[in-house]
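Have a look at the structure below, then the notes.
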Amino acid sequence: MNPPRVPAVVVLPWRPAPSRVPAFERVLAWYAERLPELRVATVDTDDEPFVLAACRNKAMRDAPEGTVVVVGDADTLPEPEPLRAAIQAAAASDRVHLPYDEYRWLGRDGSAQFDAGVPLPECSFELVIGACSGVYVATPRTWAAHGGQDENFRGWGFEDAAWFLAHQVLLGGEPVRHPGRVYALHHVGEVRAGTQYEANAARMERYRAAAGDPAAMAQLVAEAPVSTS
């Protein structure tokens with residue numbers, strides 16, 4: 001007997017940018033074709049620049065309690081069965097679930113192959129070792145239990161790595177990974193340099209320093225602002 005279907009929604013942080021639209025449209029089509037039972041919505045905040053952590057937190061905060069929220073990147077395709085397994089498991093879990101143990105970045109060549117009809121598993125890729133973003137699966141309760149993601153990481157860079165350390169320390173272990181793959185599509189990369197990027201890097205060092213100290217990690221997480229938009 002199949003287990004009862006868990007209430008779930010997919011939310012994609014999204015602010016339109018010309019180079020990202022093709023990947024975003026492919027992701028929407030993927031969910032519609034391969035995971036038709038899941039409603040897909042987008043989320044943004046009023047932050048300037050775009051704050052990915054704030055969008056992820058808002059997606060969780062706005063979801064009804066008891067709903068499993070899939071927070072996916074707008075350029076990342078999850079395999080259907082690992083995602084369904086992660087949703088089912090996350091409903092009663094005190095940890096965040098990741099529906100993959102292999103993260104494939106397709107790049108320009110692999111994305112072009114996919115566009116030409118090559119099956120995803122056969123597309124060229126670069127394996128991203130230690131990846132911990134792309135698609136998160138959790139209840140709002142579990143996300144809130146370790147503070148979500150730190151909205152001090154503005155622009156691009158480090159929010160996912162900092163979150164991973166906070167999860168390990170405050171929830172007593174790593175997120176739960178499910179056997180499977182996600183595929184990240186090509187788009188023009190964001191500039192990872194400048195004053196804000198340097199501030200993000202410095203804050204990441206504080207997370208690394210707190211990795212063995214639950215009290216220090218809790219204090220660091222408590223410093224994070226929470227968007228109300």
Check your understanding: Could you give every pair whose Cβ atoms fall below 9 Å, whose first residue belongs to the stretch 24-46 and is within 17 Å of ILE87 (Cβ to Cβ), and whose second residue is modelled with pLDDT under 95, counting only separations of at least 6 or pairs across chains?
Key -> GLU37/ARG5
Exercise for review: Would you be able to tell me the number of residues in the stretch 204-223 that are over 17 Å from GLY172 (Cβ atoms) and assigned to a loop (DSSP other than H, G, I, E, B)?
Suggested key: 1
Check your understanding: How about the stretch 26-73: which of its residues are open to solvent by 30 Å² or more (accessible area, probe 1.4 Å), modelled with pLDDT of 95 or more and in contact with a Gly (Cβ under 6 Å, 6 or more places away or on another chain)?
Key -> none
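Taking the stretch 132-141 as the region of interest, how many residues are among the polar types (S, T, N, Q) and open to solvent by 10 Å² or more (accessible area, probe 1.4 Å)? Talk me through it step by step, then tell me what you get.
Initial filter on the stretch 132-141 (among the polar types (S, T, N, Q)): 133, 139.
In the following step, the residues that additionally are open to solvent by 10 Å² or more (accessible area, probe 1.4 Å) were identified as 133.
Result for the stretch 132-141: 1.
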Practice item. Search the stretch 6-16 for residues being in contact (Cβ under 8 Å) with a residue 60 or more places away in the chain and in a loop (DSSP other than H, G, I, E, B), and hand back the single one that is surrounded by the fewest Cβ atoms within 10 Å (Cβ to Cβ). Key: PRO7
Review point. Among the residues of the stretch 96-131, which ones are touching a helix residue (DSSP H, G or I) at 6+ places or on another chain (Cβ under 7 Å), assigned to a loop (DSSP other than H, G, I, E, B) and surrounded by fewer than 19 Cβ atoms within 10 Å (Cβ to Cβ)?
Key: SER124
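Condition first: assigned to a loop (DSSP other than H, G, I, E, B) and either under 15 Å from ALA145 (Cα atoms) or among the polar types (S, T, N, Q) (or both). Now tell me which residues in the stretch 64-95 satisfy that. Give the steps one after another, and end with the answer.
From the stretch 64-95, those assigned to a loop (DSSP other than H, G, I, E, B) are 64-67, 73-75, 79, 91-95; that's our starting set.
GLU65, GLY66, THR67, ALA91, ALA92, SER93, ASP94, ARG95, listed by residue number.
Looking at ALA166, ALA144, which one is open to solvent by less than 40 Å² (accessible area, probe 1.4 Å) and either under 22 Å from ALA85 (Cα atoms) or touching a residue at least 40 places away in the same chain (Cβ under 8 Å) (or both)? Walk me through it before giving the result.
On the way: ALA144 fails: open to solvent by less than 40 Å² (accessible area, probe 1.4 Å).
Going through ALA166, ALA144 in turn, the sole match is ALA166.
The values are calculated or read from the model by the stated rules, or taken from the named source; none is laboratory data. As the structure is a computational prediction, the values presented were derived from the model and not from experiment. Reconstructed Cβ throughout: ideal geometry from the backbone, glycine too, with neighbour counts over all protein chains shown. Surface accessibility is based on the protein's heavy atoms, side chains included, excluding ligands, DNA and RNA. Shrake-Rupley method; radii C 1.70, N 1.55, O 1.52, S 1.80 Å.
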